[in-house]
Amino acid sequence: MKKLFHICIFLFSVIAFSQKKEADTAQVVIPHRENSAQTITKPYVIIISADGFRYDYAQKYNAENILKLSQNGIQAKAMLPSFPSITFPNHWSLITGLYPAHHGLIDNYFYDYNRKEFYAMSKPENAEDGSWYGGIPLWSLAEKQGMISASMQWVGSASDAGKMRPTYYYHYHEKFSPEDKVNKIIHWLKLPENVRPHFISLYFPEVDAAGHHFGPDSQETENAVHQIDNAIGNLVAKVNQLGLKNVNFIFVSDHGMIKVDRENPLKIPEMLLDKSRFDIFNAQSLLRVVVKNPDEVKTVYRELKKNKSPEYEVILSKRFPKKLHFGEKDDRYGRIGQILLIPKAPKIFLEKGKKTSVGKHGYNPKTTPEMKAVFYAWGTAFKQNLKIKEFRNVNVYPLVAEILGLKITEPIDGDIKVLQKTLK
């Protein structure tokens with residue numbers, strides 16, 4: 001009987017595995033689109049994001065290709081991610097020119113009290129549902145103005161956010177190597193000019209994954225930096241071989257990385273564990289609190305302040321620093337919560353019995369420099385050998401729009417004046 005039981009379990013496992021949904025690696029093409037006559041004469045922009053590529057990684061790990069290419073263009077001291085310095089919020093800020101509280105992706109995971117639904121970046125039914133995303137992404141802006149675009153797995157690019165998807169895109173999966181992605185970009189740029197994309201967004205997750213699992217100072221992270229550096233070197237070389245005129249590259253990241261104190265995590269205050277009174281959302285580097293009875297907010301805030309550790313701050317969202325654009329007045333979708341508990345890096349909040357990664361992000365880049373992102377740019381539109389000071393990532397959007405000659409149709413937080421000096 002015992003043997004029969006184990007055989008049944010084995011067969012069930014085999015069947016379940018065989019029925020597991022395979023990753024959808026096929027390209028999606030929106031039919032019946034062409035570049036306008038004006039677009040065909042316009043520049044090309046390829047924006048590349050290496051997730052978790054800290055502002056100092058290129059120098060720290062000698063990313064030869066990135067450093068050499070950017071020396072012929074623009075090197076920023078750093079780029080400041082929007083708060084919180086988390087992946088989905090910042091990729092969407094880069095591509096819409098809006099702060100997270102303004103575009104609605106305030107975290108990788110959150111609850112919308114108006115919709116009465118959870119959003120989770122790991123669920124395709126959320127990640128590919130454009131109704132969660134505010135703003136007009138650059139590919140949508142381009143398509144509406146007669147410019148073909150393409151996206152290689154940028155956050156939100158498989159959704160209908162902005163009411164217009166890229167003409168060419170892929171659903172998110174991790175089956176493609178960096179070189180696979182490079183080759184697909186080249187395929188797009190070899191298309192006939194009437195259907196060739198002039199705006200391309202490209203995403204690499206490898207550096208972030210290594211930083212999380214092994215820490216920012218690990219050999220694995222160094223290897224990942226070199227892997228992306230090689231891919232970018234090959235991409236540029238192959239693009240140059242095509243003989244296209246007026247091509248521009250922008251290399252960015254969403255945030256940096258820091259090794260956190262996993263041995264001595266902060267405990268979530270006991271009172272907040274009462275689910276009848278509170279909803280708590282723990283990103284570990286940021287704890288958001290929703291007080292279910294609004295009349296209790298002030299009392300709860302005072303209690304948390306009185307008993308708090310010096311290793312974290314307790315802030316009412318309506319009093320949150322204006323420069324971070326994450327307070328109550330900025331919260332257009334009502335998703336943030338009334339009280340924020342903010343650990344001082346490298347501290348994190350961790351529920352009892354839960355594990356965490358070696359490296360993390362999410363902290364304020366102004367107080368935790370390790371959160372700062374990278375910005376390098378080169379190509380025909382950019383001045384050469386220009387070093388600039390750090391700036392906020394929402395300003396990348398108007399820069400791309402300016403190069404491509406696109407009209408910005410809705411208010412954004414970015415301003416072309418910030419990066420105008422980088423252009424010829």
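The values are calculated or read from the model by the stated rules, or taken from the named source; none is laboratory data. Treat the numbers as computed from the prediction; the structure is a model and nothing was measured. Using ideal geometry, Cβ is built from the backbone for each residue, glycine included, and neighbour counts are taken over all protein chains shown.
List of remarks:
- Being out of contact with any helix residue (DSSP H, G or I) (no Cβ under 6 Å at 6 or more places or on another chain), of a type outside the set (S, T, N, Q) and within 13 Å of Y333 (Cα to Cα) is not true of K123.
- Any hit, the stretch 389-398, residues being basic (K, R) and closer than 30 Å to Q59 by Cα: yes
- Filter pass, N282 being more than 25 Å from V394 (Cβ to Cβ), at pLDDT 95 or above and in contact with a Leu (Cβ under 9 Å, 6 or more places away or on another chain): yes
- Some residue of the stretch 346-361 being among the small types (G, A, S), within 16 Å of S253 (Cβ to Cβ) and buried (at least 18 other Cβ atoms within 10 Å of the Cβ): yes
- Answer from I106, I74, I66 - the residue that is on the phi < 0 side of the Ramachandran plot, touching a Leu at 6+ places or on another chain (Cβ under 9 Å) and modelled with pLDDT of 95 or more: I74
- Of the residues I228, I186, I232, the single one that is surrounded by fewer than 16 Cβ atoms within 10 Å (Cβ to Cβ), more than 19 Å from E143 (Cβ to Cβ) and among the β-branched types (V, I, T) is I186.
- Of all residues in the stretch 169-185, those satisfying the criterion of being under 23 Å from S131 (Cβ atoms) and part of a loop (DSSP other than H, G, I, E, B) are H171, Y172, H173.
- Flag if K347 is within 30 Å of H213 (Cα to Cα), charged (D, E, K, R), at pLDDT 95 or above and under 27 Å from the mean Cα position of the chain (by Cα): yes
Rundown of residues vs (1) surrounded by 14 or more Cβ atoms within 10 Å (Cβ to Cβ); (2) of a type in the set (S, T, Y); (3) more than 27 Å from the chain's Cα centre (by Cα), yes/no style:
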residue: H32; (1), (2), (3): no, no, yes
residue: T41; (1), (2), (3): no, yes, yes
residue: A50; (1), (2), (3): yes, no, no
residue: N62; (1), (2), (3): no, no, no
residue: L67; (1), (2), (3): yes, no, no
residue: S70; (1), (2), (3): yes, yes, no
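- From the options K355, K308, K387, K383, residue that is charged (D, E, K, R), touching a strand residue (DSSP E or B) at 6+ places or on another chain (Cβ under 9 Å) and at pLDDT below 95: K308
- Of the residues E222, E174, the single one that is over 20 Å from the mean Cα position of the chain (by Cα) and either outside the structural domain of W92 (by TED's automatic domain parsing) or touching a residue at least 24 places away in the same chain (Cβ under 8 Å) (or both) is E222.
- Note on the stretch 301-379: enclosed strands (runs of 3 or more DSSP E) holding 3 or more residues that are in the same structural domain as N90 (by TED's automatic domain parsing) are 375-379.
- Scan of the stretch 83-98 for residues that are among the small types (G, A, S) and either assigned to a helix (DSSP H, G or I) or under 22 Å from F118 (Cα atoms) (or both), ordered by number: S85, S93
- Residue check, L244 of a type in the set (A, V, I, L, M, F, W, C), more than 24 Å from L94 (Cα to Cα) and either at pLDDT 95 or above or surrounded by fewer than 18 Cβ atoms within 10 Å (Cβ to Cβ) (or both): yes
- Within the span defined as the stretch 250-260, every residue fails to be among the polar types (S, T, N, Q), part of a strand (DSSP E or B), at pLDDT 95 or above and in contact with a strand residue (DSSP E or B) (Cβ under 6 Å, 6 or more places away or on another chain).
- Pick from the stretch 270-300, criterion in a loop (DSSP other than H, G, I, E, B) and in contact (Cβ under 8 Å) with a residue 40 or more places away in the chain, ranking: farthest from G215 (Cα to Cα): L286
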